[in-house]
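Below you'll find the structure, written out as structure tokens, and then a few comments.
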């Protein structure tokens, strides 16, 4: 059973234990669910957080247990672990970067194919609409021309009843 001092005394002892300890050093019990981890912020910041945000009934124990690790074997193990994870992370990131390049190239190729198909579809739809419009226009034009020709022929017959015009010439 751990004998705890007051919160203020435990905070003072915790601060004293961290004198000269830099960010990145291995610490124990920084968080209650992890035995050891590298210090990611100045220890005073964690101490202040414990005092301001953790339940009062937990503060003395947290301050009592939060300490730097001075064991050379643990430090060496951390250095080995950190180097291995950095190498693994670099390999992982390189694979992800390559996958992104492949993905982006595939998307770009698919986009080109899609755009070409879309353009072809638009062009086909435009051509079909243009042809339909042209047929409608030609039919309307022919009907208008026929009506005009009939009116012109009627006017011509009324004004020039004895005309030799045969539809092409006045000289048959």
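Nothing in this text is a laboratory measurement; each read-out follows from the coordinates by a stated rule. Quick caveat, the model's predicted, so the values are computed rather than measured. Positions of Cβ are generated from backbone atoms using ideal geometry, with glycine treated the same way; all protein chains shown enter the neighbour counts.
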Worksheet item: Exposure proxy check: 107, 7, 2 ranked by fewest other beta carbons within 10 Å?
Response: 2, 107, 7
Item to complete: Compute from the Cα atoms of the stretch 7-69 the Rg and the Dmax, the latter being the longest Cα-Cα distance, and quote both in angstrom.
Response: 10.5, 29
Worksheet item: For the Cα atoms of the chain, what angle does the longest principal axis make with the long axis of helix 43-53, in degrees from 0 to 90, nearest 10?
Response: 80 degrees
Worksheet item: Given 0.36 nm per residue, what is the gain on full extension from residue 58 to residue 151 after removing their alpha carbon distance, in nm?
Response: 22.8 nm
Worksheet entry | Footprinting exposure proxy for 165, 78, 100 (fewest neighbouring C-beta atoms within 10 Å first) | 100, 165, 78
Worksheet, complete the sentence: Longest principal axis of the chain (C-alpha) makes with the long axis of helix 7-17 (C-alpha) an angle, in degrees to the nearest 10, of 90 degrees
Worksheet item: Sorting 21, 101, 74 on the 10 Å Cβ count, fewest up front, what's the list?
Response: 101, 74, 21
Worksheet, complete the sentence: One would report the Cα pair-distance distribution of the chain, bin width 10 Å, in %, as 8, 17, 12, 9, 8, 7, 7, 6, 6, 5, 6, 7, 3, 0
Practice prompt. Measure nothing fancy, just the Cα-based angle from helix 56-65's long axis to the longest principal axis of the chain, in degrees from 0 to 90, nearest 10.
Written response: 70 degrees
Fill in: Evaluated over the stretch 49-148, the Cα radius of gyration and Dmax, each in Å
36.6, 109
Worksheet item: When the label point is put 7 Å from the Cα of residue 129 along its Cα-to-beta-carbon vector, which residues of the stretch 100-119 have a backbone N closer than 18 Å?
Response: 117-119
Discussion item. How many angstrom lie between the Cα centre of the stretch 105-122 and the Cα centre of the stretch 131-155?
Written reply: 43 Å
Worksheet entry | Theoretical ellipticity at 222 nm over the chain - DSSP helices of four or more residues, -39500 (n - 2.57) apiece, nearest 500 | -25000 deg cm²/dmol
Worksheet item: In nm, what is the difference between 0.36 nm times the number of residues separating residue 17 and residue 165 and their Cα-Cα distance?
Response: 40.9 nm
